[in-house]
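Shown next, in structure tokens, is the structure this report addresses.
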Amino acid sequence: MKVIFEKLYDSYHQDLFQFIFYMVKNKQVAEDLVQEVYIKVLKSLDTFKGDSSEKTWIFSIARHTTIDYFRSQKRKRNRIAEFFDWHEKGELLQDQNHLPDEIAIKNEEITQIYNHLDKCTVDQKSVLILRYLHSFSIQETADILGFSLSKVKTTQHRALKALRKLLTENEEKRGDA
Amino acid sequence: MKSRYNNDKQVINLLKDMPKVKDSRDKNEIFQRISTQMKNEKTSIKQKKTYLIPILSSALVVAIMLVIIPVVLNNEMFQRHEEKLSLNKAADSSSSSGESGIKMNEQEDAALSNDKSNPELSLFSKSSENLVLTEIDAQSDIVHAAVSDQQGQYMIPVTFVIPKTEELESYYNKVETYLKAEEWGVSGYLFKDATFKFDYTNNHVIMNLPKGFSLNHGSANATIFEDTLSAMFRHLGFKKVVFETDNNQAVDLGQIGNISELPIKPAQKSSYKLYQASDDKRKFLIPIPLKEQTEIEAALNGMKQNEETFSIFQTIPNKIGFNVDESSGDQLSITFAEDNSLKETSITLQEKNTMIEAILMTAKSYGYNSVKFNNTGIDQIGIYNLTEAIKVPLAVNPIKNEEK
């Protein structure tokens, strides 16, 4: 098992970690989730059909793992929200407070993009990260997300439009100020 | 003011400039975590499964009960119904034989009332002890062995029923362990530490006797030795026993002399009597060998003789008178002297049962295949239906598994 793990680690680890991190924006959570991805992959290696490339297969498992995580978080938040109506604010606070060093040292535009990513839908965020941070082709992105090519294109278009709008709004606010 | 973000290119470039984020942990550390996590998952699955066991087994028990209860209830009803029928039948037959009222002896009464209170007791058994083996199923084999009475006068054959899956030869080699001499009040097995090999091509048994084996001088021992071997291997079709000793010497068989092989004797005409060392010991039917020219009528009459010094007792009570008819080939016909012979109240049901079995075995030793009893006055004793000819038993003194 260790040999397989090492092969997976050497080939994909940092990419996987980065994808998950940008999706969940929490290093600790990303660490846990990437472990979960390894376990799922190791357990289901024999079911890997080879229809897609190994890399897109592993990334699709990573994407499912993060979506599962979001669902569990949502359930938790909903339970808390029954008592306190602060969940939206809580999310924002968490994002601001956990700005990682890698982002913090970058310019303001990068920080803005980083924050705005959360205002996109999960699908939009996934497409943006896969396409531009990981340079997957449209076909590969479609394989990972289980989308058609045109759905990837539409989602990508709407995501960029949304980001542009958010950046412009911010620009205008600053300009007004 | 015109926005800097008026085309996607700008945003895409920003996205591409997003910093690389790395996992700072060591590869081995991650591997360790993964393997412990996988182990924990396995154990938690196991725990879940063991947690399920009591639930599943309870469910299984309920399911089995649901299946069994209706079957048991049906059987019980069937049994009760049969009981009623047989009682009616008994009443019918006794009234048709001209008797006024039903005269049953105390034991039969007791047995019947016992049956009523214990519906699970078999209809026929009436708790009679059977000393012969009447049938086996297709999946079983018979193993013959023998012990002798405490005084070493007579050989006592015993029988084991074993599943066909068990190898006959190996069972013969361990049969010694199932013979409970002391418990049964008999002398021990003669062939302690001897081993048997079956040679089917030459049709003989090779018997390896322990070093220094010899029989005490005295005719009885030699006869029992010979009788025991014959009783054990006759029915398997072997013709002789070949002795094998460590240095190929002949075996000292006392009276018989020094021999290297011994032919297997055909069954000897015998009177079957009852052997019981004391009241608390097991009962055996014991064949008392007769001279070849002895008539069967004499053999049967001999069964009325007790030999108390040898703990050997009659199997036919003195009161029973009978005529023997040997004219119907391999079927022996025994007609009781008086109509009410088997209804005689001073003779217990067990005694009657043993008498039937001893007569059947004696008839078998004379080569008969079946016995028809006439003028019995009753239709059934134990498992034996007296209205029809009864087949001679397969073997004598079956040792039940629980006795082993």
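The table below gives the values:
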item	result
Extreme residue, farthest from B:Phe310 (Cα to Cα), among residues of region B:167-193 that are modelled with pLDDT of 85 or more and part of a loop (DSSP other than H, G, I, E, B)	B:Glu167
Wholly within region B:252-304, strands (runs of 3 or more DSSP E) carrying at least 2 residues that are touching a residue at least 24 places away in the same chain (Cβ under 8 Å) and more than 19 Å from B:Pro393 (Cβ to Cβ)	B:261-263
Residue satisfying condition, being facing chain B (nearest Cβ under 7 Å) and not hydroxyl-bearing (Ser, Thr, Tyr), within set A:Val24, A:Val34	A:Val34
Of all residues making up region B:170-198, the number that are surrounded by fewer than 13 Cβ atoms within 10 Å (Cβ to Cβ) and of a type outside the set (Lys, Arg)	5
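The values are calculated or read from the model by the stated rules, or taken from the named source; none is laboratory data. Note that the coordinates shown come from a computational prediction; the quantities given were computed from them, not determined experimentally. Virtual Cβ from ideal backbone geometry, glycine too; neighbours counted across all protein chains shown.
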